[in-house]
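Structure first, then comments.
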Amino acid sequence: MLALGALLAAMIGGSAAALAVSPPAAAGTGIHLIRHIIVIMQENRSFDDYFGTFPGGLGIPMSHGVPTVCAPDPLHGDQCIAPFVDHGDLNGGGPHDAADYRDDVNGGLMNGFITEAESQPRGCLFYGLRACARSTSASVMGYHVASDIPNYWTWAKDFVLQDHMFSPVHSWSLPSHLFLISGWSATCSVRNDPMSCVQTLDPADRTPSNPTPFAWTDLTYLLDHHHVSWGWYLDNGAAPLTLSSGIPGGPGTTVRRPKLTAGVLKIWNVLPGFTDVHQDHQLGHIRTDSQFLAEARTGTLPAVSWLLPDGADSEHPPALVSTGQSYVTRLVDAVMRSPEWRSSAIFLSWDDWGGFYDQVQPPRVDALGYGLRVPGLVISPYARRGMIDHQTLSTDAYLKFIEDDFLGGMQINPKTDGRPDSRTVVREAVRQLGNLVADFNFAQTPRSPVILPVCPKTTLTLPAALTPSLKRQGFFGPCGVPTG
């Protein structure tokens, strides 16, 4: 795939400004031993889809290795389909907006997944992938095992797996990414007026006529005003603002086109839509993943980094699981090889459940969330070894950790942050939210890197007839077809 550097430069008004690096290493204790926080946000996987059989985790209920739960299949006489091992590299997924969340959860029965998947066209068909017909809507009950995603399972075994990580909203990608950077999702009736914003699960997206619809405050406002360095890194740059979506998945986002587009979709690349980023002249912090790799190599990472994938690398159905795992591995390996590994913490998660089965009913913290469970991993030289964190978490915990580490606990709070907006809930402060500090042992000797192959052997499979079409349409990363 081609990088969209020229497009990115146009978006940020010319060549990117030099990104200030974090201060030289200084003595610290506890959380302040972490001087580089790296957030990697992948797409559309439930916890049970990736870690439903991980030893010790709250996974798929089993008796003697046989699932004890199921979901009805309305198109086949309401036959109840139990979760099953799915080695498919390409998964269809299911719809996942607010209405789908409600119907998937089904009053706490957690059995509406197949019904919803059968109610709408499946994403892979928008690419003309007729082989998707081989994978029925019941495939949302499928789950992957260690041999499918060996790198993800290795990090889970060696570092920390979170089995109560929930999407911050019970909806799709756009509001989830708004929460990732700001702790809120809203629609604003007056441009550039934070007090005109009202919370919503279906926020107005960026358009050429309204490129900055997000008037409320995001975390980079506080980072900038406290001179904390940060970067927002886009895989192959930014996709065109005029493109509704590269992959179907949210309200009004599906488009028919013959090929995946390089660059991060605007529904994931939300930061340029915040007015405070423009007002503070911080667009130069929006960079490419190649720049992140260079900064990791030279030991010049900022204090906080967010990394967003393009469509092919995202794992968002129908993007390939193997391609996404390889993309993430390249980033994690780069941090581990960096001179700054000993002061780094990597937070890896997936933005929403993507329609895939999960058996845990999410807790309610406010009108917008939480959403269904997603995988969460903490990778750091100070991460506890082989820990499963059972705390209730969401990406709000990332905001809190960053604030506690670099801002002395100051939060995105309209009463105290110096930029009032109309939110009524400070998500970092809700009583249900756990604390990521529990995932670390700051007294331990910093652990050595665990470098993994970017192209591991897996048991993921693809129909041979589908491979030529996937190659033409840009689904394969540098590893090509996965090898078993």
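The values are calculated or read from the model by the stated rules, or taken from the named source; none is laboratory data. This structure is a prediction, so every number in the text was calculated from the model and none was measured. All Cβ positions, even for glycine, are placed from backbone atoms using ideal geometry, and neighbour counts span all protein chains on display. Note: areas computed on protein heavy atoms with side chains; ligands, DNA, RNA excluded. Shrake-Rupley method; radii C 1.70, N 1.55, O 1.52, S 1.80 Å.
Some points to look at:
- Test: residue in segment 363-384 that is farther than 26 Å from residue 217 by Cβ, open to solvent by 10 Å² or more (accessible area, probe 1.4 Å), more than 14 Å from the chain's Cα centre (by Cα) and not small (Gly, Ala, Ser): yes
- Pairs with Cβ under 7 Å, 6+ apart, first in segment 50-62 and under 15 Å from residue 373 (Cα atoms), second assigned to a loop (DSSP other than H, G, I, E, B) and among the basic types (Lys, Arg): none
- Residue list for segment 442-484, restricted to those being outside any loop (DSSP other than H, G, I, E, B) and either without any contact (Cβ under 8 Å) to a residue 24 or more places away in the chain or exposed (fewer than 14 other Cβ atoms within 10 Å of the Cβ) (or both): 464, 465, 467, 468, 471, 472
- Looking only at segment 45-65, residues that are at pLDDT 95 or above and either open to solvent by 30 Å² or more (accessible area, probe 1.4 Å) or part of a strand (DSSP E or B) (or both) come to 7 in all.
- A Cβ distance below 6 Å, combined with a sequence gap of six or more or placement on separate chains, defines the contacts here; from segment 70-89, residues that are on the phi > 0 side of the Ramachandran plot reach residues that are open to solvent by 30 Å² or more (accessible area, probe 1.4 Å) and not in a helix (DSSP H, G or I) in the pairs 78/72.
- Scan of segment 158-181 for residues that are touching a Lys or Arg at 6+ places or on another chain (Cβ under 9 Å) and either open to solvent by 10 Å² or more (accessible area, probe 1.4 Å) or not in a strand (DSSP E or B) (or both), ordered by number: 158, 159, 163, 164, 167, 168, 170, 174, 179
- Of all the numbered requirements in (1) in a helix (DSSP H, G or I); (2) under 30 Å from residue 199 (Cα atoms); (3) in contact (Cβ under 8 Å) with a residue 12 or more places away in the chain, residue 107 misses one, and that requirement is (3).
- Candidates 128, 112, 142, 123 - the one that is open to solvent by less than 30 Å² (accessible area, probe 1.4 Å), more than 21 Å from the chain's Cα centre (by Cα) and either among the small types (Gly, Ala, Ser) or modelled with pLDDT of 95 or more (or both): 112
- Residue pairs whose Cβ atoms lie under 7 Å apart, sitting 6 or more positions apart in sequence or on different chains, and linking a residue in segment 429-441 that is within 18 Å of residue 28 (Cβ to Cβ) to a partner that is loosely packed, with under 15 Cβ neighbours inside 10 Å and at pLDDT below 95, do not occur here.
- Residue that is nearest to residue 44 (Cα to Cα), among those in segment 339-356 that are in a loop (DSSP other than H, G, I, E, B) and open to solvent by 10 Å² or more (accessible area, probe 1.4 Å): 340
- Candidates 235, 276 - the one that is modelled with pLDDT of 95 or more and farther than 25 Å from residue 338 by Cα: 276
- Residue in segment 374-397 that is in a helix (DSSP H, G or I), basic (Lys, Arg) and touching a residue at least 60 places away in the same chain (Cβ under 8 Å) present: no
- Candidates 154, 187, 207, 200 - the one that is open to solvent by 10 Å² or more (accessible area, probe 1.4 Å), over 30 Å from residue 35 (Cβ atoms), among the β-branched types (Val, Ile, Thr) and within 20 Å of the chain's Cα centre (by Cα): 200
- Top-ranked residue of segment 385-402 - restricted to ones that are open to solvent by 10 Å² or more (accessible area, probe 1.4 Å) and of a type outside the set (S, T, N, Q), ranked as nearest to the chain's Cα centre (by Cα): 400
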